[in-house]
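*Asks:* Can you keep this structure in mind? I'll have questions shortly.
The values are calculated or read from the model by the stated rules, or taken from the named source; none is laboratory data. Not measured: the values here are computed from a predicted model. Don't worry about glycine lacking a Cβ; one is built from the backbone with ideal geometry, like all the others, and counts go over all protein chains shown.
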Amino acid sequence: MSLSPGAPEFADSHLIELLDGFGLAVKYVRAEGDTLYHDDGAGGEIGVLDLASGFGSLILGHHNPEIVAHAKQLLDEQVPVHAQFSGYSFGIDVAAALNRILRRELGTEEKFYGLFGNSGAEAVEIAIKHAEMDRGMKVAELLDGIEANLATAAEAVAGGAAPSAAALAALGVDTFDALAEEVRRRNAVTAARQPLFLALEGGFHGKLVSSIQLTYNADFRTPFKALAAQARFVPADRVDLAAKIVEEERVALLDVEVRAGAVELVERDFPVFAAFFAEPIMGEAGIKPLTADTARKLREVCDAVGVPLVADEIQSGMGRSGSFLASVHSGLRPDYVVLAKSLGGGIVKTGVVLVRESRYRKEFELLHTSTFGKDGFSSRVALKVLEMLEADDGAAYRRAAERGARARSAIEAVVAEFPDVLLEVRGQGLMLGVQFHDQSGSADELFREWSEHHVFAFALAGYLLHEKRIRIFSTASNPNTLRFEPSIFITDEQIDAFAAALRDVAQVVRDQDSAKLAR
Ligand code: PMP
């Protein structure tokens, strides 16, 4: 097999070296449906079943003919790609279409506002910014209220009232003016604190400056900790622990009240947290759907803390789970929904945050802009994708559910045959994960080494690519889980080819035959 890597000295050389080590540094030259092609070195091409699927970006496959035809037409018709600040953008149409879908799926009459970016992580950053702006406005409202109370107290003092001895002692001052000054000084320090976010252990929300701090994987997150606001993480099966965290992080603003001729100090809860981020199906954690119980507790915690619940549907959304939103399955009721990946139809880069009207801050639009966000081309392609998914009363969602069930039962049969090698298959619709047992205790030295370096799945992937012409990778934060996220057009033959390949590779692992994998 001729697999020709590019010129690694110019970019990504470290990653290419790693991929090359497992025979994965392949130059693909063409893509169609669920197949990627590389050349065979003799003028022909070799097809590979692509189950990596743009890490979940190809719900309609590579170069879907309808999407490609639409994109060509947009270019031929010279549809404006750039018409910023013109009062109309094609993004409005995308937001309108998404409103119809979200209202139906979330069972609400409420309107959602769309804020556009160019990728998943960028959309998450927009959600972070919007939530922080919302929090900042709440802080400003609280401080305004405190100023008004200080003015009322000052008037009362002018009319003969005085601060109580307890109030003066608490702040170590002896006049009302000094007390008011100390209240303002301490509140300014509190107000300048960085916000905190809540997120789930194992969660993945992107790798940009702020979004990486919501991504649980410490290898990705900690080198950049100093750059952005932090998250406190809770396990998905113990969301109730958030209450304890909120109590630990509790901070108060100082306020005053005039009671019976005395100025007293009172505390007001400061909004420390800006938002709670959760994936309805945790993708990079190893394809783990949230339970109905977790979904309910997330809503309860967010209501109690007063923060928006952000459903990161970047990977799980767009029909992959068998409904447009994966939130539907667990009954998750988010305030924000984030979409990207498949929204671009496999050919454009786009992402969007949809914010419930009751949570929306209109001021945000004037502050956040992006040259390419909601550009005419991406927006019109995204609209086409939504039309295709919604066609025939949601036939695409039914197809995702049916194909997913077909694949799942094929994989389950292999898991049942190899319980010593395969732990389980998890997920919903066409978002499936097959977890291998950890090999760090293997008698085979290579198996142990791969496991230790979190590259066991790379070895499996290299074998499957070379021996079976199947391309598949693990999830980012769960290296023992292979991610199966093909398009809704995956055929029975392709599913069966994967199941047969999985059976074969499971046998190699059962035999602890690292030499065969490494070959
Ligand atoms: N959130 C989730 C749930 C994701 O799965 C991903 C990508 N794996 C992202 C955010 C980041 O998206 P992008 O890679 O487009 O920045």
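*Asks:* Residues that are buried (at least 22 other Cβ atoms within 10 Å of the Cβ) and assigned to a strand (DSSP E or B): does the range 149-162 have at least one?
*Replies:* no
*Asks:* Can you name every one of the helices (runs of 4 or more DSSP H) wholly within the range 17-118 that holds 2 or more residues which are in contact with a strand residue (DSSP E or B) (Cβ under 9 Å, 6 or more places away or on another chain)?
*Replies:* The qualifying helices (runs of 4 or more DSSP H) are 53-56, 90-106.
Yes/no per residue for (1) surrounded by 19 or more Cβ atoms within 10 Å (Cβ to Cβ); (2) modelled with pLDDT under 95; (3) of a type outside the set (D, E); (4) closer than 25 Å to F204 by Cβ:
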| site | (1), (2), (3), (4) |
| --- | --- |
| F10 | no, yes, yes, no |
| F22 | yes, yes, yes, yes |
| H38 | yes, no, yes, no |
| G43 | no, yes, yes, no |
| S53 | yes, no, yes, yes |
| H62 | yes, no, yes, yes |
| D93 | no, no, no, no |
| N99 | no, no, yes, no |
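*Asks:* Evaluate the range 175-196: report whether one residue or more is under 33 Å from the mean Cα position of the chain (by Cα), among the small types (G, A, S) and within 16 Å of the ligand (Cβ to nearest atom).
*Replies:* no
For (1) aliphatic (A, V, I, L, M); (2) over 17 Å from V310 (Cβ atoms), each residue gets a yes or a no:
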site: A83; (1), (2): yes, yes
site: S86; (1), (2): no, yes
site: F90; (1), (2): no, yes
site: I128; (1), (2): yes, no
site: K138; (1), (2): no, no
site: A153; (1), (2): yes, yes
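*Asks:* Yes or no: V124 of a type outside the set (G, A, S), touching a residue at least 40 places away in the same chain (Cβ under 8 Å) and within 16 Å of the ligand (Cβ to nearest atom)?
*Replies:* Yes; evaluated as a whole, the condition is true for this residue.
*Asks:* Taking the conditions exactly as written (assigned to a helix (DSSP H, G or I) and either touching a Gly at 6+ places or on another chain (Cβ under 9 Å) or of a type outside the set (D, E, K, R) (or both)), does R426 satisfy them or not?
*Replies:* no
*Asks:* Quick one: count up the residues across the range 226-256 that are aliphatic (A, V, I, L, M), in contact with a helix residue (DSSP H, G or I) (Cβ under 9 Å, 6 or more places away or on another chain), within 24 Å of P289 (Cα to Cα) and part of a helix (DSSP H, G or I).
*Replies:* 3
*Asks:* Given the condition among the charged types (D, E, K, R) and over 24 Å from the mean Cα position of the chain (by Cα), answer yes or no: does some residue in the range 470-491 qualify?
*Replies:* Here is the first cut: in the range 470-491, the residues among the charged types (D, E, K, R) are 471, 483, 485.
Of the ones still in play, those that are also over 24 Å from the mean Cα position of the chain (by Cα) are none.
No: the range 470-491 contains no residue that is among the charged types (D, E, K, R) and over 24 Å from the mean Cα position of the chain (by Cα).
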